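Student: Handing you a structure now.
The values are calculated or read from the model by the stated rules, or taken from the named source; none is laboratory data. Quantities reported herein were computed from a predicted structural model and do not represent experimental measurements. All Cβ positions, glycine included, derive from the backbone under ideal geometry; neighbour counts span all protein chains shown. The accessibility values were calculated without ligands, DNA or RNA, using every heavy atom of the protein model including side chains. Shrake-Rupley method; radii C 1.70, N 1.55, O 1.52, S 1.80 Å.
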Amino acid sequence: MVTDRAGDAGIATRVAALEEILVEKGYVDPAALDEIIATYEHDVGPRNGARVVARAWTDPGYRERLLADATAAIAELGYGGRQGEHMVALENTPQVHHLVVCTLCSCYPWPVLGLPPTWYKSAAYRSRAVIDPRGVLADFGVTLADGTRIAVHDSTAEVRYLVVPMRPPGTDGLDEDALAGLVTRDSMIGTGLALAPGEVRG
Amino acid sequence: MNGAADLGGMMGFGPVVPEPEDHRFDAGWQRRALALTLAMGAAGRWSIDEGRHARESIPPPEYLTSSYYAIWVRALEDLLVAHGLVTRAELAAGRADGPGEPVRVLRAGDVRAALAAGTPYSRQVASSARFAAGQRVRARVMNPAGHTRLPRYVRGRTGTVVTVHGAHVLPDSNARGAGESPQWLYQVRFDARELWGEDADPASTVDVDAWESYLEPA
């Protein structure tokens with residue numbers, strides 16, 4: 001698959017015409033379209049997941065509930081719904097690093113991470129994450145300690161996975177908000193690690 | 001089906017290109033494509049499984065050379081035509097020839113609640129689960145012409161049940177409008193070497209979620 005920067009000449013016109021047809025037919029409410037876009041462009045995104053992770057880092061009881069029933073624990077913070085109906089949290093440790101992919105399409109935990117990034121939907125990621133996960137991590141500049149097992153999770157059903165990255169060293173004095181700032185989207189997919197204090201989120 | 005969407009293990013697509021976290025869309029039409037797809041999904045004429053089948057049914061040369069939102073647009077057009085909601089002539093002309101069929105219209109005021117509610121896929125079934133955590137299972141060798149969620153790269157391979165998720169709607173059946181036919185769903189772990197051979201990372205594993213009819217005892 002190509003990126004949209006690379007082509008799709010004429011598709012803007014085609015989509016505009018499609019919208020016009022569907023509105024004329026009475027199938028869609030244009031204001032509803034605006035509302036859907038606003039939801040995922042401004043409100044639902046990876047800062048939700050970062051709050052979940054930061055809470056798990058600071059509250060052992062919450063961490064336990066998250067690992068036992070992620071859907072319910074995530075709902076405690078007010079997140080849930082479409083493409084997050086059946087959540088499972090995967091906790092990274094020095095022994096195991098989790099990596100989430102959807103080889104068949106683009107399944108992704110929307111309520112906690114928002115819409116998937118372009119690369120998550122790309123043929124490059126979907127094809128390689130399962131056969132060459134270390135190579136994929138290298139594309140993101142991530143090298144794991146020797147002996148770390150990579151556990152790849154292919155989202156082939158309606159279960160959605162959230163990776164809980166390891167809490168970085170030197171963060172004992174930070175509160176939940178500051179910790180959430182260290183939790184990147186990629187670290188919750190498994191293609192990144194949580195930032196060290198002072199590192200800037202991309 | 002063995003379509004272009006079943007990409008696991010293919011080679012030659014080049015490196016993965018990271019993207020900043022605040023990047024959402026490349027172009028305005030992608031916003032509308034997303035919203036149209038979700039809004040028409042809410043109309044209730046097809047399931048998410050049928051939607052996925054429409055995307056995987058796009059001929060491989062087109063699928064592999066289209067961007068992801070372009071795949072969504074093509075699939076949406078195909079679904080609208082297949083369900084008699086829009087004609088090919090209307091799509092070609094870019095305007096409606098007449099009034100539409102009655103559908104459930106998602107209104108702006110209902111969007112937030114609908115997205116927050118979601119659509120749970122877990123169901124109660126009368127049978128008990130055939131497999132238990134720790135059990136060895138083999139993914140069946142099967143090549144259905146219709147929708148399935150068993151990727152080609154695990155077919156015929158042996159793994160271990162990690163978790164019994166509960167019973168979920170079976171996409172293979174639901175995608176063709178043949179009912180939800182819920183089945184037990186399992187998280188199954190495969191060693192990378194079982195999937196990819198001796199050169200694979202001995203410390204890596206790949207888990208898939210597989211419905212009971214995808215599996216047999218090993």
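Student: Between helix B:28-42 and chain B, what is the angle of the helix's C-alpha long axis to the longest principal axis, kept within 0 to 90° and rounded to the nearest 10?
Tutor: Around 80 degrees separate the two axes.
Student: Hey, in the GNM for chain A with a 10 angstrom Cα cutoff, which one of A:190, A:49, A:173 fluctuates hardest?
Tutor: Result for chain A, Cα springs under 10 Å: A:173 fluctuates most.
Student: Continuing with the same structure: Report the calculated FRET efficiency for residue B:163 and residue A:12 (r = Cβ-Cβ distance, R0 = 56 Å), to the nearest 0.05.
Tutor: 0.80
Student: I want to verify a result. In a Gaussian network model of chain B, Cα cutoff 10 Å, which of these has the top mean-square fluctuation: B:173, B:127, B:47?
Tutor: Residue with maximal mean-square fluctuation among B:173, B:127, B:47: B:127.
Student: Let me ask something else about it. Once you average over the residues of A:88-95, how many Cβ atoms of partner chains fall within 10 Å of each Cβ?
Tutor: Shielding by partners across A:88-95 averages 1.
Student: Within chain B, what whole-number % of the accessible surface is contributed by carbon and sulfur, with the 1.4 Å probe and all protein chains included in the calculation?
Tutor: Answer for chain B: carbon and sulfur cover 51 percent of the accessible area.
Student: Turning to a different aspect of this structure: What number comes out for the charge environment of residue B:105, summing +1 per Lys or Arg and -1 per Asp or Glu over other residues with Cβ under 15 Å away?
Tutor: Residues close to residue B:105 contribute a combined charge of -3.
Student: Could you tally the net charge around residue B:171, taking each other residue with its Cβ under 12 Å from the Cβ of residue B:171, Lys/Arg +1 and Asp/Glu -1?
Tutor: -4
Student: Something else about it: Let's test this: bin the Cα-Cα distances of chain B at 10 Å from zero up to the farthest pair and state each bin's percent.
Tutor: 7, 25, 32, 25, 9, 2, 0
Student: On a 0 to 90° scale, report how tilted helix B:68-82 is relative to the longest principal axis of chain B, with both axes built from alpha carbons and the result rounded to the nearest 10.
Tutor: 70
Student: Comparing A:82, A:185, A:51, which has the greatest mean-square fluctuation in the GNM of chain A with Cα pairs linked when under 10 Å apart?
Tutor: A:82
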